[in-house]
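These notes are about the structure you will find just below.
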Amino acid sequence: MRSFDVAKAWEILIPAGMPAAQKVGNDLSRCIALLRRQTGLAEQPCPVKTSDVSIPDDTVPIVVLNAEAGGRERNGFSWRIGKERIELYGESDRGLCNAVFDFLVALGFRWPKPDEEVLPESRGEYQIAEEYAYQPSSVDTMYRRLLFWGKDAPEMWEKTIVWAARNRIDALVFSLRSQLMWNKLAEVEPEPFFFFFTKKKKLVPPSPYRDKLLTLAEEYALSIEMGGWDLSCLLPRTYYKSHKDFFRMNDGKREQANNFCPTNSEALTIIRREAEKVFRAYPEINVYHFWPDRGYETAWCSCPTCRAFNPEEQNRIALATVADVLRDIKPKARISCFEDSNIKKDIALRANLFIVERLPGNSGAEASGWFLSEIKV
């Protein structure tokens, strides 16, 4: 066990030209100041200095932040604590953010929910059970995602984004239904997304929070992804009156809501067109999530053609169309596919699809790296 003496005149050294290092360096400085106040000392933040300006001499206790220039999928990190020197390292700027907040958790900080911060118990020196922590980036490393879902309340999202960074979330996922996302689609071509998302007769003005929120996410090196239970968004419901055969058959009747008929060639042509619109509107996004409608993940079509395929196979047929469009536009981008891996499937999985077995909000999802933020207004 190692002690951390907050009474020492710690200085924080960060790499130059890395905004995320500045952001989490300031957060670390703020937290140390809170511990100083808690122990009866002056609430004085630690100086945060860049390594290209000055390096403290050996007599100054120092916290060194460092990171490789790797992609943000490399979220691994390590940290080590000594009496006069603490080293926090990330395999990318995302990994460095994880290192800082993992170290603060080891000190005893907790952020149970947005706008709530729990400090360690007050004492002169704060004990850390481990002197060293290491989590590599690999296929086995948990990539943690927070899905924003529910009614639009972007003014509440700022606190949630900060909470996500502090709890080592790696990516923010915004639904196509989100005003933050679909306004950009509306700028490209209002129809038919507009009529799917809202009953209003005119477009909602772009969210004034959009740039602010995306800037905050970038400051914390959080990746932005798109999607959720949004696969049927690619087939606008406005087609129901004229083309009922596009939609899911249930007990011999076509239903406008919840999924569609994945073997209808005309429906797939529309889905292909709408998917291309989404992918071209967001060239910066490289991970998408297209799942069946929420609560209907295994409720697909029972028309005579679809009856030959189980729900997982129908899902793969629908997603193959979307995946092929993405491959042609962005060959390195990927789409998550929800399915039960234990069910036999005779339809091949496209190379740019990856399987999700636990959806956010369901039992075991957080252990699989999925968190759900259902914003209510």
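Readers should treat all values here as calculations from the given coordinates under stated rules, not as data from a laboratory. Keep in mind that what you see is a predicted model, and the values were worked out from it rather than measured. Positions of Cβ are generated from backbone atoms using ideal geometry, with glycine treated the same way; all protein chains shown enter the neighbour counts.
Think of the chain as a dipole: +1 on every Lys or Arg Cβ, -1 on every Asp or Glu Cβ, centred on the Cα centre; then among N310, N342, G95, N310 lies furthest on the positive end. Modelled spin-label separation between M1 and N26, with each label point placed 7 Å from Cα along the Cα-to-Cβ direction: 3.5 nm. Cross-link partners for K345 among the aspartates and glutamates, with Cα-Cα distance under 16 Å and sequence neighbours closer than 8 places in the same chain left out: E297, E312, E313, E357.
Label sites at D115 and E374, each approximated as a point 7 angstrom past Cα along Cα to Cβ, lie 1.9 nm apart. Of the residues S78, F279, S363, the one whose Cα sits farthest toward the positive end of the charge dipole of the chain, with +1 on the Cβ of Lys and Arg and -1 on the Cβ of Asp and Glu, is F279. For the residue pairs K113/K277; K253/K277; K113/K212; K49/K113; K8/K113, the C-alpha atoms sit more than 25 angstrom apart in K113/K277; K253/K277; K49/K113; K8/K113. Counting only Cβ charges, +1 for Lys and Arg and -1 for Asp and Glu, the dipole size of region 2-135 around its Cα centre is about 180 debye.
Which FRET efficiency value, to the nearest 0.05, is calculated for K241 and A308 with the Förster distance at 25 angstrom and r the Cβ-Cβ distance? Once rounded, the FRET efficiency stands at 0.35.
Give the label of the value calculated from the structure for Cα Rg over 2.2 N^0.38 Å, choosing from (1) 0.99; (2) 1.14; (3) 1.29. Structure-derived value, by its label: (2).
So if we plug the beta-carbon distance of K83 and F354 into 1/(1 + (r/R0)^6) with R0 = 56 Å, what FRET efficiency do we get, rounded to 0.05?
E(calc), rounded to 0.05, equals 0.80.
Within a straight-line Cα-Cα reach of under 12 Å, K244 can be paired with the following aspartates and glutamates, leaving aside sequence neighbours fewer than 8 residues apart in one chain: E255, E266.
Here the dipole of the chain is about 1320 debye; that uses its Cα centre as origin and unit charges on the Cβ of Lys and Arg (positive) and Asp and Glu (negative). Per-residue ellipticity at 222 nm, computed for the chain from helices alone with -39500 (n - 2.57) per DSSP H run of at least four residues, works out to -9500 deg cm²/dmol. Length gained on full extension, D340 to R210, computed as 0.36 nm times the residue gap minus the Cα-Cα distance: 43.3 nm.
Of all aspartates and glutamates in the structure, those lying under 18 Å Cα to Cα from K83, and not within fewer than 8 positions of it along the same chain, are D5, E11, D57, D58, E125, E130, E131. With distances taken between every two different alpha-carbon atoms, region 2-135 has a Kirkwood hydrodynamic radius of 15.0 Å. Think of the chain as a dipole: +1 on every Lys or Arg Cβ, -1 on every Asp or Glu Cβ, centred on the Cα centre; then among L176, S29, Q256, Q256 lies furthest on the positive end.
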